[in-house]
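Read through the structure below, which is laid out as structure tokens, and then see the notes.
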Amino acid sequence: MNKYYKIFGLQKSAHFEEVTKKYNELSKEFDPANQTDDLKKFFIVEQKKLDEAFEKISSSISNNLLTINT
């Protein structure tokens, strides 16, 4: 799980709001539509990494909340 936080440059103790803010910032920066043709493939791969990391962190936080509330 730590590798996903590292993608955002955050510690595992970061709050979900911090993760969301960083995800939004990096998504804009790595948006393939904003890149030149020769770099699009690279940015598509990077965007997929961001999406995967955000999904994994979100799922983990949701599962933790469900466990706490049951």
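Residues of the range 6-64 being open to solvent by 70 Å² or more (accessible area, probe 1.4 Å) and not in a helix (DSSP H, G or I), which ones? Gln11, Lys12, Ser13, His15, Thr36, listed by residue number.
With respect to (1) of a type in the set (A, V, I, L, M); (2) modelled with pLDDT under 95; (3) within 17 Å of Asn64 (Cβ to Cβ), the lone exception for Ala33 is condition (3).
The values are calculated or read from the model by the stated rules, or taken from the named source; none is laboratory data. Values in this document were obtained by computation on a predicted structure and should not be read as measured data. All Cβ positions, even for glycine, are placed from backbone atoms using ideal geometry, and neighbour counts span all protein chains on display. Just the protein is used for accessible areas: all its heavy atoms, side chains included, with ligands, DNA and RNA removed. Shrake-Rupley method; radii C 1.70, N 1.55, O 1.52, S 1.80 Å.
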